[in-house]
1. Only residues in segment 1-25 that are under 14 Å from Gln36 (Cα atoms) count as the first member; pair them with residues that are of a type in the set (S, T, N, Q) and open to solvent by less than 10 Å² (accessible area, probe 1.4 Å), Cβ under 9 angstrom, at least 6 apart or cross-chain, and list the lot.
2. List the residue pairs whose Cβ atoms are under 9 Å apart, where the first residue sits in segment 94-108 and is more than 16 Å from Leu60 (Cβ to Cβ), the second is of a type in the set (Gly, Ala, Ser) and not in a loop (DSSP other than H, G, I, E, B), and the two are 6 or more positions apart or on different chains.
3. Checking the structure you have, find out if any residue of segment 59-71 is at pLDDT 95 or above and in contact with a Phe, Trp or Tyr (Cβ under 8 Å, 6 or more places away or on another chain).
4. Return only the number of the condition from (1) surrounded by fewer than 22 Cβ atoms within 10 Å (Cβ to Cβ); (2) at pLDDT 95 or above that Ser89 does not satisfy.
5. Please work out if Leu118 is touching a helix residue (DSSP H, G or I) at 6+ places or on another chain (Cβ under 7 Å), assigned to a helix (DSSP H, G or I) and within 30 Å of Gly50 (Cβ to Cβ).
6. Are any residues in segment 36-86 part of a helix (DSSP H, G or I) and open to solvent by less than 30 Å² (accessible area, probe 1.4 Å), and if so, which ones?
7. Can you give me the number of residues within segment 1-35 that are surrounded by fewer than 22 Cβ atoms within 10 Å (Cβ to Cβ), closer than 16 Å to Ile90 by Cα and not charged (D, E, K, R)?
8. So is Thr95 more than 13 Å from the chain's Cα centre (by Cα), in a loop (DSSP other than H, G, I, E, B) and among the β-branched types (Val, Ile, Thr) or not?
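The values are calculated or read from the model by the stated rules, or taken from the named source; none is laboratory data. Small disclaimer: the values here were computed from a predicted structure and weren't measured. Here the Cβ is made from the backbone with ideal geometry for all residues, glycine too, and neighbour counts use every protein chain on show. Just the protein is used for accessible areas: all its heavy atoms, side chains included, with ligands, DNA and RNA removed. Shrake-Rupley method; radii C 1.70, N 1.55, O 1.52, S 1.80 Å.
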Amino acid sequence: MTRALVTGAGKRLGRAMALDLARQGYDVAVHYSSSQEAATDVVAQIEAMGRRAVALRADLLDETQIETLVPQATEALGGSLSLLINNASIFEYDTLATATRTGWDRHMQSNLRAPFVLSLIHI
């Protein structure tokens, strides 16, 4: 069975990847942080293709939520994942004049640390 977790799958590229995976025969865990309605819509479209899908909320800035995302996906989809797509990221515009350590840490947590942790859990 082919099962995938796509982070940030409610909108934009993540949405497109989740839907394409379903067309290829994957069951898909659709991760979102704040786009519940969009993620629910993706799940409905995947289920309409005859595939299993679930929307899972997790804040990738929270290590505890990162650590539970893969186990939640495997439980909801009925088995281990064969694919993990680390797509989610935060987009907070800043410049050299407005950049802060807090902003830097948020970007690194979401865009670097979370994918690393998810990859380790997925193995």
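1. From residues that are under 14 Å from Gln36 (Cα atoms), the pairs are Gly14/Thr7.
2. Pairs found: Asp94/Gly103.
3. no
4. Unmet condition: (2).
5. Values: touching a helix residue (DSSP H, G or I) at 6+ places or on another chain (Cβ under 7 Å): yes; assigned to a helix (DSSP H, G or I): yes; within 30 Å of Gly50 (Cβ to Cβ): yes.
When the stated conditions are applied, Leu118 passes them.
6. If we filter segment 36-86 for residues that are part of a helix (DSSP H, G or I), which is where we start, we get 36-48, 63-77.
Once the filter is applied, which keeps residues that are part of a helix (DSSP H, G or I) and open to solvent by less than 30 Å² (accessible area, probe 1.4 Å), segment 36-86 yields Ala38, Ala39, Val42, Val43, Ile46, Ile66, Leu69, Val70, Ala73, Leu77.
7. Total meeting the criteria: 4.
8. Details: more than 13 Å from the chain's Cα centre (by Cα): yes; in a loop (DSSP other than H, G, I, E, B): yes; among the β-branched types (Val, Ile, Thr): yes.
In short, yes.
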